[in-house]
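Every read-out reported here was derived from the displayed coordinates using simple, explicitly stated rules and does not represent laboratory data. This is a predicted model, so every value here is computed, not measured. Ideal geometry is used to build each Cβ from the backbone, glycine not excepted, and the neighbour counts take in all protein chains shown.
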Amino acid sequence: MLPFRLYAAVLFVLSISLLFPPFCIGIRSFPTRAIDGGDAFELASAAWARFSEAPDYRNGADCAVSMNKEMVSSCDPSLVHIAMTLDSEYLRGSVAAVHSVLKHASCPENVFFHFIAAEFDPASPRVLTQLVRSTFPSLNFKVYIFREDTVINLISSSIRQALENPLNYARNYLGDILGRCVDRVIYLDSDVLVVDDIHKLWNISLSGSRVIGAPEYCHANFTKYFTDGFWSDPVLSRVFSSRKPCYFNTGVMVMDLVRWRQGNYRKRIENWMELQRKRRIYDLGSLPPFLLVFAGNVEAIDHRWNQHGLGGDNVRGSCRSLHPGPVSLLHWSGKGKPWVRLESKNPCPLDHLWEPYDLYKPLRHYNAAKFQALSSISGSTLIGFSSYLS
């Protein structure tokens with residue numbers, strides 16, 4: 001016989017979820033280890049938490065065996081290391097991106113994900129960790145907390161508010177956030193799909209003393225990424241006098257973290273951001289400081305690894321077509337995101353290429369998941385629910 005307080009809590013949660021379905025419990029199942037009442041309530045009430053479990057992608061016979069068969073380490077140099085941000089707003093995109101990497105990897109068990117979560121995201125880093133684990137039970141990953149106050153005082157206004165999100169700047173701090181044992185990483189934005197073997201990108205060499213590799217676009221009008229005030233200042237514009245700068249998109253980068261740390265590139269980027277706060281020298285968000293430091297000294301990677309701009313421009317958004325040539329990675333950079341346009345029943349043609357990787361569960365599958373999740377919560381957690389609601 002359930003205690004009256006516990007019984008009342010169950011009835012209350014069920015009745016509220018039936019009256020207001022968008023706030024129902026919405027993940028496939030909770031992690032097997034115990035979670036406290038606050039985290040359980042966060043998982044239960046979050047509309048963004050509805051994801052199906054991904055297929056179980058396993059290595060083939062030809063894959064190299066990890067150095068440690070029993071426990072995969074975030075330091076293992078034999079693995080492919082990928083860094084991505086993880087937040088509630090772009091979670092649907094991040095999950096699809098991870099799914100695409102695993103689906104097309106020749107050795108999916110040899111991939112390690114380093115997720116960077118914001119300290120004050122509506123979904124706590126712990127809950128995001130549990131959600132990733134329930135969606136990808138066999139995934140090798142670690143979640144790091146990014147302290148937004150690290151960069152908040154360096155961010156200037158941009159042409160689009162989303163570009164001012166502190167988590168956009170987490171890539172500047174990968175050398176500090178990730179353990180010093182991680183020598184190399186692929187950074188990927190949350191709005192990408194990888195449709196080729198990620199090991200091919202990982203195996204690209206960074207020649208000479210180059211710190212990053214990325215597809216370059218030298219036909220683009222490079223001057224538009226900085227203000228007239230920047231170009232008219234002979235001291236500032238001289239930064240490009242000894243190199244031929246080309247535009248590159250920072251949403252896909254291969255990064256040598258040893259050289260990054262040795263060259264103190266985090267501080268070099270911060271110096272430009274500090275100048276931007278005093279004198280407006282660019283209008284976009286986190287991209288221009290990277291261009292100021294690295295443009296003209298980037299390992300040029302084949303364009304197939306960043307078919308970018310599929311989200312349209314940063315103000316209006318628009319439907320774009322693919323660039324000529326083969327495709328290994330699709331990138332919905334720009335204002336429009338495929339999950340938003342699909343949800344609003346107004347997709348662009350290329351958004352349908354993203355759809356098969358989407359693991360988000362529609363509302364019609366909600367009720368079954370709700371009762372399954374409730375049945376997996378311990379009695380002490382439900383009492384926590386009652387305490388929260390009282």
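Mind ranking 192-205, 214-227 by how tightly packed they are, going by the mean number of other C-beta atoms within 10 angstrom, highest first? Can you show the working numbers first?
Numbers: 192-205: 18.7, 214-227: 15.7.
The packing order, highest mean first, is 192-205, 214-227.
Peptides 170-176, 53-59 ranked from most to least packed by the mean count of surrounding Cβ atoms within 10 Å: 170-176, 53-59.
All C-alpha pair distances within region 160-280, sorted into 5 Å bins from zero, spread as 2, 8, 15, 21, 22, 17, 10, 4, 1 percent across the bins.
Computed on region 76-305, with alpha-carbon pairs under 8 angstrom and 6+ residues apart, the relative contact order is 25 percent. Of the peptides 96-102, 339-345, 327-333, the ranking by mean beta-carbon count within 10 Å, highest at the top, reads 96-102, 327-333, 339-345. Annotation: amide H of ILE116 within the under-5 Å range of MET84, THR85, LEU86, TYR144, sequence separation 5 or more or interchain, hydrogens built in the peptide plane. Using the alpha carbons alone, the radius of gyration of region 76-305 stands to its Kirkwood radius in an Rg to Rh ratio of 0.96. Compactness of region 75-158, taken as the C-alpha radius of gyration over 2.2 N^0.38 Å, stands at 1.18.
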